[in-house]
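Participant: Sharing a structure with you now.
The values are calculated or read from the model by the stated rules, or taken from the named source; none is laboratory data. What you are looking at is a predicted structure, and each value in this text was computed from that prediction instead of being measured. Here the Cβ positions follow ideal geometry from the backbone for every residue, glycine too, while neighbour counts run over all protein chains shown.
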């Protein structure tokens, strides 16, 4: 709502005073009054520095540490969200970074003597296995020698002799006798005691040795078949491949790491560090802190509430210096307003006082209003009264040029 200008009030006072004069027409002396045109608008008292502290992450509120009217210092804790998941994420990221750093250190350190010795032993074992497989293959291909056949025949003859002796002893031990008693012959057989068991065991051992000696001689006389030769060849190929693998692993170990491998390991460390930094930021966002010294104007959250990112929780302002911002200056009147113009400001709460001030800033962009668009003009008061509070309605006359 626009107030009338001061010049208009002066003229109206003169006219009203004339109405109370006598009926005689008395010449009215000409009066010169200083006419100062004004633009009258309403405004609101706001802090020079104010902000709305919003949640940067979603979560459950576990603690609200301030109330409206509390004075807080910069970085003071205002609201705390549940940080269980965020703390676990930080621990996991720290473990991943330690693992990546350890891998990089091992890579740069090169192989340990124990690792080289183990790799060399693998190569020697592979060579020995290959030599044994090759010898077996060559043996199967060449067949048995006359000396081997003669030795097998000798072994067979010895086994036959031992088997004959064992059988004779067994038969003698197990032999039954006929004894005549009272004119009647009775058959008497030995009981199955220790001597008899020994005789049986010795015969079984001799039979087994004889069979083995006979099989060995038959094998030497028959020679290797095609399947045995193919199996021996396959063993040689497998042994050669195993030796190549063991040698390649040893060569790789002795050659050390390449620049590309180190670069990859460093990239893994950097990635783990970035993940840890992100996890720590997420943990920090579970605590909402004051960005500057000020007074809490409003608290719009409660313990147990589930908040979402960008949700406004705390309104904070610096009340040391308050100012007035207009709320209904339209696009017609803003064209007459300029920075530095003097103002007169009144408040319903302080009806007996008129405060002077001046325009310090004009918003370059309009905002939607009730009857069109409005522009915000900032006014600094020359004198501040403790009775002026954040949010009070102000009535402003801006002295503009004619």
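Participant: What number goes with the only condition from (1) surrounded by 10 or more Cβ atoms within 10 Å (Cβ to Cβ); (2) at pLDDT below 80 that residue 181 does not pass?
Facilitator: Among (1) surrounded by 10 or more Cβ atoms within 10 Å (Cβ to Cβ); (2) at pLDDT below 80, residue 181 violates only (1).
Participant: Condition first: under 30 Å from residue 48 (Cβ atoms), surrounded by fewer than 19 Cβ atoms within 10 Å (Cβ to Cβ) and touching a residue at least 24 places away in the same chain (Cβ under 8 Å). Now tell me which residues in the stretch 276-294 satisfy that.
Facilitator: Those that are under 30 Å from residue 48 (Cβ atoms), surrounded by fewer than 19 Cβ atoms within 10 Å (Cβ to Cβ) and touching a residue at least 24 places away in the same chain (Cβ under 8 Å): 285, 287, 289, 291, 292, 293.
Participant: One residue is enough: does the stretch 386-401 have a residue meeting the conditions surrounded by fewer than 13 Cβ atoms within 10 Å (Cβ to Cβ), under 24 Å from residue 37 (Cα atoms) and either touching a residue at least 60 places away in the same chain (Cβ under 8 Å) or in contact with a helix residue (DSSP H, G or I) (Cβ under 6 Å, 6 or more places away or on another chain) (or both)?
Facilitator: Within the stretch 386-401, one or more residues are surrounded by fewer than 13 Cβ atoms within 10 Å (Cβ to Cβ), under 24 Å from residue 37 (Cα atoms) and either touching a residue at least 60 places away in the same chain (Cβ under 8 Å) or in contact with a helix residue (DSSP H, G or I) (Cβ under 6 Å, 6 or more places away or on another chain) (or both).
Participant: Related question: Would you mind finding the one in 241, 212, 226 that is in contact with a helix residue (DSSP H, G or I) (Cβ under 8 Å, 6 or more places away or on another chain) and either modelled with pLDDT under 75 or over 30 Å from residue 105 (Cβ atoms) (or both)?
Facilitator: None of the others qualify; the one that does is 212.
Participant: Looking at the structure I just gave you, is residue 90 outside any loop (DSSP other than H, G, I, E, B), modelled with pLDDT under 50, out of contact with any strand residue (DSSP E or B) (no Cβ under 8 Å at 6 or more places or on another chain) and surrounded by 12 or more Cβ atoms within 10 Å (Cβ to Cβ)?
Facilitator: No, not satisfied.
Participant: Looking only at the stretch 338-377, which residues are in contact (Cβ under 8 Å) with a residue 40 or more places away in the chain and more than 55 Å from the chain's Cα centre (by Cα)?
Facilitator: Result: 341, 342, 343, 344, 345, 346, 347, 348, 349.
Participant: Please go through (1) assigned to a strand (DSSP E or B); (2) over 18 Å from residue 44 (Cβ atoms) for residue 302 and return the number of the only condition it doesn't satisfy.
Facilitator: (1)
Participant: Report the residue count in the stretch 120-148 for those that are at pLDDT below 75 and loosely packed, with under 15 Cβ neighbours inside 10 Å.
Facilitator: 6
Participant: Something else: Go through the residues of the stretch 320-328 one by one and say whether even a single one is within 56 Å of the chain's Cα centre (by Cα) and at positive phi.
Facilitator: Within the stretch 320-328 (the criterion being within 56 Å of the chain's Cα centre (by Cα) and at positive phi), the answer is no, since none of the residues qualifies.
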